[in-house]
Amino acid sequence: MNLNSILFFLAQTTTAPKPTSDQVETGFVYVIAAFIAVWLLIAVYLFWLQRRQESLRQEVEQLRQEESERLAATPAPATPQYTELDQKLEVSGTVQAPQSNLRG
Amino acid sequence: MATITKRMDFGSGTANGKRKLDWAKILLWTMLVSFPVTLIFILLAPSDYELKYSQRIFYFHMPSNILCLLSFTIYFIGGLGYWRTRKRSWDILMITGLELGVFFSLIGIVTGSIWARYAWGTFWTWDPRLTTVTIMLVVYLAGWMLRSSVEDPNRKAALTAVFGIIGFINVPLVYFSTRFFPAGLHPIVFGTNDKVVNLEGFMTLTLVISIITFSQFFVYLMIQRIRLENLRDQVAGVRMALYEDEDFV
């Protein structure tokens, strides 16, 4: 059974009423055809838009997860231990004021 | 993570802890009302004497064509903006205008062909309006294909801007084709002289309602398209941050 015979069989069994000659003459059939075409185009475009958005959202999620996993796996860098300057140990004996830059 | 550009936002989240208005959702809800209302008006509108019932195709055909020209004008403005500033937001506007222009021109061509089969007895004829629309669509499709083939984002945006600026020559040509070549089959709809099609009061009202509804849909699609580009930027941003981390590790 090929595709043509399946389509022929479906066409035989379909119960959709055929448009009357009046409907064709007044252009009613063309209005319906245009209406279906518009909605089909809108549906296809919305579906395409939605699919692209969804795949990008998934990609963002995946990348964020990857980033958080990487951050969790790497050890945090050791923070340097600063101690307060003991003024008594200063050679000059006076606390130095912050120097201005070379240009003054 | 540093953001690449300042994003165009339409309230799809929260700002300072407050929930922002989601314009896409508002438009979606209003369209649930406006689309059936438009359909009722289209069904109730009186039929044309010559074109009979088929004249109702006009209420889908014309708004989609207006929005097609508007989209390409937005693309042109985006192109000029990008050429001046080289900002990503103008690039987003360009691709949005381009894609929506192609989409609405397809609706216009398909509905027009179906209507032409009834009104002129053929699906297609090389009428000045149809010829100029076809040239316009081919030019913009070529621009879109060229954009897709380029990898470098800056080059991609610059090429799109060039196409947007040069291709805009077609837009006034399409609009004025019925005036430049009056022997064509398309009538003049907007104008003041005696050659203009006069629509009956209820027909004009139906057309206005249809244009408003289609415009709502257009704005909704624009928001969605801009969000798609924002998502693309987000992906690029996260990826960049990830690779930066990799470099430091």
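Counting neighbouring Cβ atoms within 10 Å and putting the fewest first, the residues B:99, B:151 line up as B:151, B:99. Our coupling estimate for segment B:146-154, obtained by passing each phi through the Karplus curve with A = 6.51, B = -1.76, C = 1.60 and θ = phi - 60°, is 5, 4, 5, 7, 8, 8, 5, x, 5 Hz, Gly and Pro reported as x.
For segment B:23-248, a simple Cβ point-charge model (Lys and Arg +1, Asp and Glu -1, everything else neutral) yields a dipole of about 280 debye relative to the Cα centre. Exposure proxy ranking for B:218, B:168, based on other Cβ atoms within 10 angstrom of each Cβ and starting from the fewest, stands as B:168, B:218.
Residues whose amide H comes within less than 5 Å of that of residue B:48, counting only those at least five positions distant or on another chain, are B:55 (H built at 1.01 Å from N in the peptide plane). Coupling constants for segment B:21-33 follow from the phi torsions by the Karplus curve (6.51 cos²θ - 1.76 cosθ + 1.60, θ = phi - 60°), and in residue order they are 5, 9, 5, 5, 5, 4, 5, 4, 5, 5, 5, 4, 8 Hz; glycine and proline get x. Take the Cα of residue B:39, step 7 Å toward its Cβ, do the same at residue B:124, and the gap between the two points is 3.1 nm.
Each residue of segment A:45-53 was assigned a 3J(HN,Hα) from its phi angle through the Karplus expression (A = 6.51, B = -1.76, C = 1.60, θ = phi - 60°), giving 5, 5, 5, 4, 4, 4, 5, 5, 4 Hz with x at Gly and Pro. For segment B:23-248, the mean projected area of the C-alpha convex hull, equal to one quarter of the hull surface, is 15.0 nm². Look at the alpha carbon pairs under 8 Å that are at least 6 residues apart: their mean separation over the length of segment B:23-248 gives a relative contact order of 28 percent. Across peptide B:214-226, the average count of Cβ atoms from other chains found within 10 Å of a residue's Cβ is 1. Between residue A:64 and residue B:166, the FRET efficiency from the beta-carbon distance, with R0 = 51 Å, is close to 0.80. Taking other C-beta atoms within 10 Å as the exposure proxy, B:107, B:226, B:77, B:212 rank B:212, B:77, B:226, B:107 from fewest upward.
No value in this document is a laboratory result; all are computed from the given coordinates. Note that this is a predicted model, so its numbers are computed, not measured. Because the Cβ atoms are built from the backbone with ideal geometry, glycine has one as well, and the counts that use them run over all protein chains shown.
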